[in-house]
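What follows is a set of notes on a single structure, which appears directly below.
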Amino acid sequence: MHKCSWRAAPPVIGVMLAATMAVSCAARPGQSGADPSAARSRPDAIISLSPTGTEMLYAIGAGRQVSAVGQYSDYPPQAPHTRLSEFTPSVEAIVARRPDLVVIDPEAARGLARQLAGFGIRVILLPAATKLADVYAQLDELGRATGHLAQARAESRRIRAQITRIVASIPRRSRPLTYYYELSPTYFSVTSDTFVGRLLALLGLKSIADGARAATGASGYPQLSAEAILTADPDYIFLADTICCGQSARKVAARPGWGLIRAVRQHHVVGLNDDIASRWGPRIVNLLRTVAAALRQHQGRP
């Protein structure tokens, strides 16, 4: 499985895209949400089996406390990479490393938290974010748990400020620009009600998948047909499958009939970094910057 298949998407697509979804999880008071001044000691051997969690830990200054990360945690590059699996984790391999905190995705590693609890190992669950408030809440939770609460809150302020500047750089339009966001060449997409959809809505964008009959049943990640995409004629096409599936503007233009789509004719097919586009950590700012740069080329057009 390619590293870029780690996506913030629901299980209904996860079979095909190795997706993750937001599921409820809450640690008992005094565990993952413990204040640094509480009796629980600051962890110094953290294992992160969540790529987004790894990015968050380093962003809040807890990188030196991270002793191991899973095979899909490819950022930042200095993270201590291992062959630990996020999707089929070995409890024995984790316990052998003697961690005092393990950060996991609850959907990717079902049951792992319960197993680790049997060894007295503290666990933080980071479900996929569905809104920006979830990002800030997870940063706060990790900050409390690692003794970096002030830095975590500073990181949240930084993200908020950068998003505000990016949004302000986009001129207001009389109508939303439409887009097709491609998760795979089999036309899985996102609606405006997903985490990515809400981010892009800040820039005045509306997904053509919103009206798809399958959208509700697919929890916001419907599989569209080529005909539906051609009929919708989106202003933009965003490719979140450039690494995993080798998609590009050239390949999109070569698809039967796609050369007639407005986005293709106007050279508004935008390739994204799969990993950045599928995670909800601090690099969501990078995603918004890429999209905003593409939108600014649309200035002055009706």
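The values are calculated or read from the model by the stated rules, or taken from the named source; none is laboratory data. Remember, predicted model here, so these are calculated numbers, not experimental data. With ideal geometry, Cβ positions are generated from the backbone for all residues, glycine too; neighbour counts draw on all protein chains shown.
What the table shows:
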| read-out | value |
| --- | --- |
| Qualifying residue in segment 91-111 (condition: closer than 21 Å to P282 by Cα, β-branched (V, I, T) and in contact with a Gly (Cβ under 9 Å, 6 or more places away or on another chain)) | yes |
| Among the candidates S184, S156, S174, residue that is without any contact (Cβ under 8 Å) to a residue 60 or more places away in the chain and either on the phi > 0 side of the Ramachandran plot or crowded, with 18+ Cβ neighbours inside 10 Å (or both) | S156 |
| Subset of segment 237-290 (residues that are aromatic (F, W, Y) and surrounded by 23 or more Cβ atoms within 10 Å (Cβ to Cβ)) | F238, W280 |
| Test for L272: is it of a type in the set (A, V, I, L, M, F, W, C), at negative phi and more than 20 Å from the chain's Cα centre (by Cα) | no |
| Index of the failed condition, G211 passing every other in (1) modelled with pLDDT of 95 or more; (2) within 16 Å of T178 (Cβ to Cβ); (3) surrounded by fewer than 17 Cβ atoms within 10 Å (Cβ to Cβ) | (1) |
| Breaking point among (1) β-branched (V, I, T); (2) within 24 Å of V135 (Cβ to Cβ); (3) exposed (fewer than 14 other Cβ atoms within 10 Å of the Cβ), for T231 | (2) |
| Conditions (1) assigned by TED's automatic domain parsing to the domain that holds Y58; (2) among the small types (G, A, S); (3) within 21 Å of R283 (Cβ to Cβ): number failed by A150 | (3) |
| Y136 among the hydroxyl-bearing types (S, T, Y), surrounded by fewer than 20 Cβ atoms within 10 Å (Cβ to Cβ) and under 12 Å from G281 (Cα atoms) | yes |
| Which listed residue is under 16 Å from R265 (Cα atoms), assigned by TED's automatic domain parsing to the domain that holds Y179 and in contact (Cβ under 8 Å) with a residue 24 or more places away in the chain, from I208, I243, I237 | I237 |
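For (1) more than 29 Å from I276 (Cβ to Cβ); (2) in contact (Cβ under 8 Å) with a residue 40 or more places away in the chain, each residue gets a yes or a no:
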{"site": "V91", "(1), (2)": "yes, no"}
{"site": "R98", "(1), (2)": "yes, yes"}
{"site": "D105", "(1), (2)": "no, yes"}
{"site": "A108", "(1), (2)": "no, yes"}
